[in-house]
Amino acid sequence: MIQGGNGDPPEMPDADLELFRSALPDVAPITPHGRFLHPPTRLPPIPLSRLRDEREVIHESLHDPVQWHEDKETGEELAYVRPGITRQTLRRLRRGDWISQAELDLHGLTKAEAKLELAEFLHECKRRGVRCVRIIHGKGLRSKNREPVLKHHVRHWLTLREEVLAFVQARPMDGGGGAVMVLLKSRS
C-alpha cells in the first residue's frame, strides 16, 4: 500500500473517491472489532559468550583430518543412509514423504565458508528439532570449469555429521543435482 509521509494512506481526490464508492456500493470497511492482534513474541537473549563458545566448538569440529577428493560426475544419483537406517527410509526421502522444514543455500561461498555455514545450519536445525532440510550446493554451471565446486564436499561433510540419518539428491522440482534433501535425527 502506498503511504503518505505520516504513515497514513494518501488522500484521494473527491471525484476518485466517489467513483471508487460507486463501483463498490455494497462493500463495508472491515472494523477491528472481534479481531485479536497477537503481540510479537520476544525470544530470550542469548549470551554472547555462549554464541562465541558454540562457534568455536563448531569451528574446531570442522577441522577433520579427512580430505575429500572430487571425482568426475558419473551421472549416478546421490544417496546416503547411515548404518542401521532402513533402505525404506531412503526410498521415502527420495519420494518426498518428508517436507523440507528449512533450507540452506551455499551458492557463491568458498569451501571454508560453506563448511562453517553448513555446520551452523545443522546445529541450529538440531536445536529446533527440524527433521528434513534442503541444502543447495549448486551444479557448478557458473564455475570456471562448469563443474560443481561444493557438491562433493557437502556430501562428504554430511556423512561426517552424527545428526544426519540419510540424504538423497533432490527431486528435479527441488533442485535436482544442485541440491540434497537431508533427513536429520529427531531431538529426543
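Using mean Cβ contacts within 10 Å as the protection proxy, how do 121-131, 160-170, 95-105 order, highest first? List each step's numbers first, then the result.
On the way: 121-131: 15.9, 160-170: 19.5, 95-105: 14.3.
Output ranking for 121-131, 160-170, 95-105: 160-170, 121-131, 95-105.
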Tell me, in nm to one decimal, what length is gained between GLN88 and ARG42 on full extension, where the rule is 0.36 nm per residue of separation less the Cα-Cα distance?
12.5 nm
Place +1 on the Cβ of every Lys and Arg and -1 on the Cβ of every Asp and Glu in the stretch 78-184, take the dipole about the Cα centre, and give the residue among ALA112, LEU160, THR89 whose Cα lies farthest towards its positive end.
THR89
Just to be sure I understand the model, the point goes 7 Å from the Cα along the line to the Cβ. What's the resulting ALA23 to LYS185 distance in nm?
6.0
Between ALA79 and ASP97, what is 0.36 nm times their sequence separation minus the Cα-Cα distance? Round to one decimal in nm.
4.9 nm
For the stretch 78-184, what's the relative contact order in percent, using C-alpha pairs closer than 8 Å and at least 6 residues apart?
35
Would you mind computing, in nm to one decimal, how far apart the modelled labels at ARG171 and LEU116 are, each placed 7 Å from Cα along Cα→Cβ?
3.6
For the stretch 78-184, what's the radius of gyration and Dmax over Cα atoms, in angstrom?
13.0, 40
About its Cα centre, the stretch 78-184 carries a charge dipole, from +1 on Lys and Arg Cβ atoms and -1 on Asp and Glu Cβ atoms, whose size in debye to the nearest 20 is 400
Counting only other residues whose beta carbon sits under 15 Å from that of LYS185, what net charge do I get with K and R as +1, D and E as -1?
+4
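Grab the stretch 78-184 and count how many Lys pairs have their alpha-carbon atoms under 18 Å apart, sequence gap of 8 or more, or different chains. Numbers along the way, then the final one.
Working: LYS111/LYS139; LYS111/LYS144; LYS111/LYS151; LYS115/LYS126; LYS115/LYS139; LYS115/LYS151; LYS139/LYS151.
Here the count comes out as 7.
Values in this text are rule-based calculations from the coordinates and carry no lab data. All values derive from a computational prediction rather than experimental measurement. Glycine gets a Cβ as well: all are built from the backbone with ideal geometry, and neighbour counts include every protein chain shown.
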